[in-house]
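Bear in mind these aren't lab numbers, they're just calculated from the coordinates by the rules spelled out. What you see is a predicted model; the values in this text were computed from it and never measured. Every residue, glycine among them, receives a Cβ derived from its backbone with ideal geometry; neighbour counts consider all protein chains shown.
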Amino acid sequence: MFPFPSADYQQQLIVANLDDFTPNAALPNYLGGQFGSQAEAWKHAVIDFLCVNVKCGLIEATHKPEIAERRDVSMLRKLLNDGDEKNHMPVDVLWNTLYFNGTKKLSEFLDEEIMRTWEAVKLEPRPYLISKLIELYKFYDLD
């Protein structure tokens, strides 16, 4: 998990607080995004971003209460890597149709730094916010 691309995480968390997003829309600048030259590394980074932030309660799967309520990152990781065989949803479809949004906890984090605006998306990483994320991520270790 560490280190993580703090500017990209900060940007995506601000976006998540303002609007819902799909995995394909996550971390769009990191490694060139889904169409960059390192698409596979980007994909793994997006999965890590989604899993750690679902697990620690900053984002939730909008239409998947079984993930949102239990913060089931093993199920999320399986869906994003293998698709949803039970519902006949291939991986590429899920990456375009599985939506995430920010939680009240994320709003509270961003309120502390006055970062709940579209203008804040362009800001350089805020040391206080990044240090809070680091501490939170250590507490909710994915390993």
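General remarks:
- Computed on the chain, with alpha-carbon pairs under 8 angstrom and 6+ residues apart, the relative contact order is 34 percent.
- Note on the chain: GNM, Cα springs under 10 Å; of Gly102, Gly57, Gly83, the largest mean-square fluctuation is that of Gly83.
- Computed over the chain with a Gaussian network model linking Cα atoms closer than 10 Å, the most mobile of Asp20, Asp82, Asp48 is Asp82.
- Qualifying trypsin sites (Lys or Arg not before Pro) in segment 52-120, DSSP loop, other Cβ atoms within 10 Å at most 11: Arg70, Lys86
- Loop sites in segment 73-143: chymotrypsin sites (Phe, Trp or Tyr not before Pro), DSSP, at most 15 other Cβ within 10 Å: Trp118
- Cα-projected label distance for His63 with Glu108, points at 7 Å along beta-carbon direction, nm: 2.9 nm
- Gaussian network model of the chain, Cα within-10 Å springs - most flexible of Val52, Val91, Val73: Val91
- A crude spin-label estimate for the pair Glu119 and Lys132, with each label 7 Å from Cα along the Cβ direction, gives 2.0 nm.
- Over the chain: helical MRE at 222 nm, DSSP H runs n ≥ 4 each giving -39500 (n - 2.57), nearest 500: -15000 deg cm²/dmol
- Span-like helix check, the chain: qualifying full DSSP H segments, with Cα axial length of 15 Å or more and mean Kyte-Doolittle of -0.5 or more, are 6-18, 39-55, 127-139.
- Directionally averaged projected area (the chain, Cα convex hull): 8.1 nm².
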